[in-house]
Amino acid sequence: MAIDTPSWLKNAMIYEIFVRNYSNAGTFNDVYNDIERIKTLGTDILWFMPFYPTGKVGRKGTHGSPYSIRDYEEISNEVGNKEQFKRLIDKAHQNDLKIMIDIVFNHTSMDSKLINTHPEWFFRDSNGNFIRKVNDWTDVYDLDYTNMDLWDYLFEVLENWVSLGVDGFRCDVASLVPLEFWKLAREKINQKKEVIWLAETLDLHFLKSLRDMGYYIYCDSEIYQAFDLTYDYDGYDYLRAYFRGEKSLEYYLNQIYLQETMLPNGSLKMRFLENHDNPRIASVLNGKDKIKNWTAFYMLLPGSNLIYAGQELMIEKLPNLFEKDPIKWDKGDYEFLSFFKKIISLSKDIKSKCSIFNIEEISKGIVKIEWSGYDSEYIAILNLEDRYGEIPVDFNLYATDLLTNEIFSIDKIFKIRKLPLIFKIK
């Protein structure tokens, strides 16, 4: 992580909002009215997915991809205006929430303002045609960072959003933009206030495919020179393989170990079970008990955690990025919400007090997580594969489960529980 990364990020909760589909109306005002509820979850940062005007040329779906942007400096009329956004920012700040917005500086829409005013700022082929690195992104053209005037313009864009009250940037496909740009952007912007920088780094297959095409793509280890947090896609790639039944749980846990040992010292990941690009975890896993165990698992991994709006209610439907497709809040599970709040509170407390993390699979599908600090120690035992029965263990324990207040005694034999267990040892 960058040398000036704030220490509180190691246990921060980031709440992701796609304004268009957050509610039936899909406006800033709806989020404004929900600030207090979001705060009670244990949220520290509100991340707003792009709310800018979207392109019409090559548009995907009826409303277009939020990542196909016509104007970096404006807000789409369908969600609100700058005055309403400023009002929302002020209320968030009053509730001790920071505001992070999406920055999409790898590409613009095919009919963006910059295409018309500065066509020389775009990536072209040998025939002079506008092109893109990723062929599937058919509604965008890529920016060309060999033009330094582009850098100055984008720095100004960032400065203007910070002046409005923004506290952080989630940088879309940050690995495709020159690292020197990000380093200079951070240096300039952070002179004025503490700004949080989150990089959407790439999953390993995507990174390799782009490198094979001849592009210089930055890996997570490099990106930390400019960013406080990176996506956990280097781990999620392995988790997806496990969920698909292609790899073992041990295969995924080994990748967590590699992150702990091969990334720069103190590196922070943003952990997630779902986001706007990946399925809702409630649609991937069967049964509430299993979802509770996996929720506890990812909340107790080192780093910040992402909550995709609706995840707290175990919503199964992933909103469509290209259509009006609001979250059905009335379909949520409010018993799960109670658990969700409790596990967030515990995980934040544990990670704020502890710095040493260890994890092991003590039996097939049963994972033990240990966190320890100067004068604190915690153990979590998680049933990730909905198993039952008794297993031998190499530890003794007499403690109270922090989730249920039930007293447990474990002496070389552990009777598997359906729900997660978290114990304070000292």
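In table form, for the structure just shown:
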| quantity | calculated |
| --- | --- |
| Percentage of interatomic Cα-Cα distances in segment 1-112 larger than 20 Å | 45 percent |
| Per-q log10 I(q)/I(0), segment 7-52, q = 0.20, 0.22, 0.32 Å⁻¹ (Debye; single scatterer per alpha-carbon; no solvent) | -0.67, -0.78, -1.22 |
| Viscosity 0.692 mPa s, temperature 37 °C, Stokes-Einstein D of segment 199-271 from Kirkwood C-alpha radius, µm²/s | 255 µm²/s |
| Summed residue charge, Cβ within 14 Å of K183's Cβ, Lys/Arg positive, Asp/Glu negative | -3 |
| Residue-normalised accessible area of segment 181-311, expressed per residue, 1.4 Å probe, Å² | 37 Å² |
| With eigenvalues of the C-alpha gyration tensor scaled by 5 and rooted, segment 141-220, Å | 25, 15, 10 |
| Among the listed pairs K208/K353; K208/K351; K86/K193; K292/K364; K292/K351; K82/K113, those beyond 26 Å (Cα-Cα) | K208/K353; K208/K351 |
| Separation between Cα centres of segment 179-233 and segment 71-86, rounded to whole Å | 26 Å |
| Inter-label distance, nm, simple model (7 Å from Cα along the C-beta direction), Y257/E74 | 5.4 nm |
| Span per principal axis, largest first, for the Cα atoms of segment 230-274 (Å) | 32, 21, 10 |
| Accessible-area composition of segment 68-170, carbon plus sulfur, in percent [1.4 Å probe] | 42 percent |
| Evaluated at q = 0.12, 0.15, 0.17 Å⁻¹: base-10 log I(q)/I(0), Debye formula over Cα of segment 236-356 | -0.49, -0.76, -0.96 |
| Charge-dipole axis of the chain as Lys and Arg at +1 and Asp and Glu at -1 on Cβ define it, positive-most pick from S126, F340, G80 | F340 |
| Separation in nanometres of the label points that stand 7 Å from Cα toward Cβ, at M148 and R37 | 5.1 nm |
| Most fluctuating residue given options Y374, Y22, Y251, as computed from a GNM of the chain linking Cα atoms under 10 Å | Y374 |
| Accessible surface, 1.4 Å probe, highest first, among residues E200, E385, E390 | E390, E385, E200 |
| Against the rule of thumb 2.2 N^0.38 Å, how large the Cα Rg of the chain comes out | 1.01 |
| Cα point-scatterer Debye curve for segment 289-425, base-10 log of I(q)/I(0) at q = 0.09, 0.10, 0.19 Å⁻¹ | -0.30, -0.37, -1.13 |
| Potential extension, K188-W8 segment - 0.36 nm per residue separation minus Cα distance | 62.6 nm |
| Volume in Å³ per residue [convex hull over Cα atoms, computed for segment 63-166] | 118 Å³ |
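The values are calculated or read from the model by the stated rules, or taken from the named source; none is laboratory data. Quick caveat: nothing in here was measured; it's all calculated off a predicted structure. Note: ideal-geometry Cβ built from the backbone for every residue, glycine included; neighbour counts use all protein chains shown. The protein model used for the area step is the full one, side chains on, heavy atoms only, and it has no ligands, DNA or RNA in it. Shrake-Rupley method; radii C 1.70, N 1.55, O 1.52, S 1.80 Å.
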